[in-house]
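Inspection log for the structure reproduced underneath, given as structure tokens.
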Amino acid sequence: MVSYKKLGLVNTKKMFAKAVKGGYAIPAFNFNTMEQMQAIIQAAVETKSPVIMQVSKGARKYANPTILRYMAEGAVQYAKELGCKKPQIVLHLDHGDSYETCKSCIDSGFSSVMIDGSSLPFKDNIKLTKKVVNYAHKHDVTVEAELGVLAGVEDEVQAEESHYTKPEEVIEFATKTGCDSLAISIGTSHGAYKFKPEQCTRDKKTGKLIPPPLAFDVLKAVEKKLPGFPIVLHGSSSVPQEHVDTINKFGGKLPDAVGIPEEQLRKAAKSAVCKINIDSDSRLAMTAAIRKHFAEHPEHFDPRQYLTPARDAMKELYIHKIVKVLGSNNKL
Ligand SMILES: [Zn+2]
């Protein structure tokens, strides 16, 4: 058993309470490589932002659970080395699929876990979430649960159609499970293809897709039922057009990739939404930088040559999200 406290990590409790009160959201960036982790920590330290580093079950397997535990410990020490006296870093499991996965993460240094029972019937979701909460809270680990179904693809999580969260269910769910935060479905979606072209309108000038707006009425209704309760948005990448264009320009093929407009996320961050998940955007920034570098420097073969601009591009993206979208800068 490795306690996250020994690694210098924190859980989400105080962080979320402050964010809900302060009208901003904590960035939850997915990672599975050293470069992503370095970029996340550099960005968080430079902007004085709390940060959630999260991994899915697939990413944990990719990185290896033992290496990950040392990476998280390294992230805390790295933040200190960069001049941050009291870093607020969470290591979070994204989309835990079973009690066993959550327990294994808690036992190996995670400070927060998500149990995703959203595909189960309501009662079974409550039962599973409650079981995880009971174990997690014994170890002072916070738990995120999910109600409602997001469309899109994220590792093993996949759904054809989304179902908005039913506001009339949230009080019973939160009370019976004791979860610390709740991911809801209001129209965000996983991946770089969040909407089918037929769900969007097209900008007449540029031909680019304009996605449908988020269901802020559902968010408002949830907030009314559970005042001040921490709400989480998954699938909240914006799919920056500049990165998609760069990828396509240098041999990639991402037609009609579309995300959530940043002004909608800015609006959400000011509400009870206190954690916003961003994964695809950093993948796009990294891939765009690498493709461009390969095209411009075909003679390079040292990974440092192309991973340095990739890391810089991700750092720039993370800083942009923190300062211009989530508003979590200067909150340490
Ligand atoms: Zn998700």
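Here, each number is a calculation from the coordinates, and none is a lab measurement. Small disclaimer: the values here were computed from a predicted structure and weren't measured. Heads up, the Cβs are rebuilt from the backbone with ideal geometry, glycines too, and the neighbour counts pull from every protein chain shown.
Taking Cα centre as origin and charging only the Cβ of basic (Lys, Arg, +1) and acidic (Asp, Glu, -1) residues, the dipole magnitude of the range 4-326 rounds to 980 debye.
Using 0.36 nm per residue and subtracting the Cα-Cα separation, the extra length available between GLU198 and GLU100 on full extension is 31.3 nm.
Amide H contacts of ILE260 (H built 1.01 Å from N, in plane; Pro and chain starts excluded): SER237, SER238, VAL239 sit under 5 Å, all sequence-distant by 5 or more or on other chains. How large is Rg/Rh for the range 168-297, to two decimals, with Cα atoms and a Kirkwood Rh? Rounded to two decimals, Rg over Rh is 1.07. Listed by chain and number, the lysines whose alpha-carbon sits under 18 Å from that of LYS80, ignoring those within fewer than 8 places in the same chain, are LYS5, LYS6, LYS48, LYS315, LYS331.
Residue-wise HN-Hα couplings along the range 74-88, as the Karplus relation 6.51 cos²θ - 1.76 cosθ + 1.60 with θ = phi - 60° gives them from phi, are x, 4, 5, 5, 5, 4, 5, 4, 7, x, 8, 6, 10, x, 10 Hz; Gly and Pro carry x. Panel order for THR12, THR47, THR201, THR177, by other beta carbons found within 10 Å of each beta carbon, from fewest to most: THR201, THR47, THR177, THR12.
Under a Gaussian network description of the chain, with springs only between Cα atoms under 10 Å, the residue in GLY96, GLY252, GLY74 that fluctuates furthest is GLY252. Identify the residues of the range 130-152 with backbone N under 20 Å of a label point that sits 7 angstrom from the Cα of LYS14 along the Cα-to-Cβ direction, or state none. Zone members listed by number: 137-144. Neighbours of LYS249 by Cβ distance under 9 Å: Lys/Arg scored +1, Asp/Glu scored -1, total +1.
Projecting the Cα atoms of MET286, THR66, VAL10 onto the charge dipole of the chain, computed from C-beta unit charges around the Cα centre, puts VAL10 farthest toward the positive end. For GLN88, the residues whose modelled amide H falls within less than 5 Å of its own, excluding neighbours fewer than 5 places apart on the same chain, are VAL51. Dipole orientation for the chain: of the candidates ASN248, ILE26, LEU128, ILE26 has the Cα lying most toward the positive pole (charges on Cβ; Lys, Arg +1; Asp, Glu -1).
3J(HN,Hα) along the range 278-295: 10, 10, 3, 4, 6, 4, 5, 4, 5, 5, 4, 5, 5, 4, 5, 4, 4, 5 Hz, from the Karplus curve 6.51 cos²θ - 1.76 cosθ + 1.60 with θ = phi - 60°, whole Hz, x for Gly and Pro. Between LYS205, LYS166, LYS196, which gets the highest mean-square fluctuation from a Gaussian network model of the chain, Cα cutoff 10 Å? Taking springs between Cα atoms under 10 Å, the residue moving most is LYS205.
Taking the chain as a Gaussian network of alpha-carbon nodes connected by springs under 10 Å, the highest mean-square fluctuation of the residues ASP279, ASP94, ASP107 belongs to ASP107.
With 10 Å bins beginning at zero, the pair-distance distribution over Cα atoms of the chain amounts to 6, 27, 36, 23, 7, 1, 0 %. By the count of neighbouring beta-carbon atoms within 10 Å, fewest first, GLU172, GLU223, GLU146 end up ordered GLU172, GLU223, GLU146. In this structure, GLU263 and LYS176 have a Cβ-Cβ separation that, at R0 = 41 Å, corresponds to a calculated FRET efficiency of about 0.70. Fewest-first ordering of LEU307, LEU326, LEU82 by other beta carbons within 10 Å of each residue's beta carbon gives LEU82, LEU307, LEU326. The phi-based Karplus calculation (6.51 cos²θ - 1.76 cosθ + 1.60; θ = phi - 60°) puts the 3J(HN,Hα) values of the range 54-59 at 10, 10, 7, 4, x, 5 Hz, whole numbers, x for Gly and Pro.
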